[in-house]
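This report concerns only the one structure given below.
The values are calculated or read from the model by the stated rules, or taken from the named source; none is laboratory data. Model, not experiment: these values are computed from the prediction. Here the Cβ positions follow ideal geometry from the backbone for every residue, glycine too, while neighbour counts run over all protein chains shown.
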Amino acid sequence: MSRIARTSFWTIIFGLIFLISVGSLSAQRAKIITSTGPLWEDTAINPHDFTDEYYAMHGIIARDIIGRRTGTDGLSVFSNSSNPYHTNIRVIATIPAYDQFGNMFFWYPLGEVQDSGFMQDKVGMRALEMAKQFPIYVFPDSKIIDYRAFANTRQASLMDNTLMPTKSEDLNPLGIREIRIVNYTEKAFDKEAIEMMNFLAKKNGMAADDTPMIRSMEDINMLLKHEMITAEPTKTYGGQYSIGPVLYNPINGVIARDAYLWMTMKDDRPLPGEDLFVWQFYCLQKTGNWCSQ
């Protein structure tokens, strides 16, 4: 069974717990729910695939996108949008990730490309450079062989936005990122590394394959320094670069009612260290706001 699965069952369970715990909603929360209600039908605010022309505007050859959303792939549905840059394919799969500091956010998958998927002009070269500057680190489960970059991972991915001055989609609207595969080396399991591995496990929690999770660029750089991990661009997976815009402001109905969280599972449950993703996704979907607000 795939380590990554829809969380519909656990979303329902968490939802019931959530509703019981807040059975007497405050007037302010009730106002939030009411005010976001009309936005649920405005699909232009929801994640969609982009038109061929929009991809070209940002240096991508649409026909070369590997695994582009179809509306019948389980990750997307047919749904019109008033946004002229959108197709009628709305993405319902929402994937959690960490940023360079370990903060959480959500993004949606549109497909992958190889080097040949970039236009051979200044726009395409700029897009390729952008992808390399803002990589996404993926953590495949070492116990499962799979050639899909975002299936059967041992934890949520990590997106390095270090060079991005602000959390803005304007700089990288397509979310083009070089995919870098992270695996532990034999040195990580030597006696000399026990103390550091225990430190990571206590700080971050355990991944699906019972290795410590890696949740920040500080973690990655420390482990690379001690040669305890490799973090290499993928060569065997479908595409070298991911197209996945970040939902930097997923409030007020951006997370649609039929969207679901696509994340790493263990024994059919979210990892204990990643439960927060589930709670926040549920709050955003049901109330239009973050849990903490």
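Quick notes
- The requirement of being of a type in the set (V, I, T), more than 30 Å from L271 (Cβ to Cβ) and modelled with pLDDT under 95 is fulfilled nowhere in region 48-64; no residue meets it.
- Qualifying residue in region 275-287 (condition: at pLDDT below 95, within 18 Å of D99 (Cα to Cα) and assigned to a loop (DSSP other than H, G, I, E, B)): no
- Residue match in region 239-252 (condition: aliphatic (A, V, I, L, M), closer than 18 Å to M104 by Cα, in a loop (DSSP other than H, G, I, E, B) and in contact with a helix residue (DSSP H, G or I) (Cβ under 9 Å, 6 or more places away or on another chain)): yes
- Residue pairs meeting the criteria (Cβ under 8 Å; at least 6 apart or on separate chains; first in contact (Cβ under 8 Å) with a residue 24 or more places away in the chain and of a type in the set (S, T, Y), in region 197-222; second part of a loop (DSSP other than H, G, I, E, B) and surrounded by fewer than 16 Cβ atoms within 10 Å (Cβ to Cβ)): T211/S142; S216/F101
- Residue list for region 134-146, restricted to those being in contact with a Phe, Trp or Tyr (Cβ under 8 Å, 6 or more places away or on another chain) and either part of a strand (DSSP E or B) or of a type in the set (A, V, I, L, M) (or both): V138
- Residue, farthest from the chain's Cα centre (by Cα), within region 101-133, restricted to residues that are buried (at least 21 other Cβ atoms within 10 Å of the Cβ) and in a loop (DSSP other than H, G, I, E, B): L110
- Residue in region 104-113 that is touching a Gly at 6+ places or on another chain (Cβ under 8 Å), touching a residue at least 24 places away in the same chain (Cβ under 8 Å), β-branched (V, I, T) and under 20 Å from Y260 (Cβ atoms) present: no
Each row is one residue, and each column tells you yes or no for (1) farther than 29 Å from G117 by Cα; (2) among the charged types (D, E, K, R).
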position	(1), (2)
H226	yes, no
G239	no, no
V246	no, no
R257	yes, yes
P270	yes, no
G273	yes, no
G288	yes, no
S292	yes, no
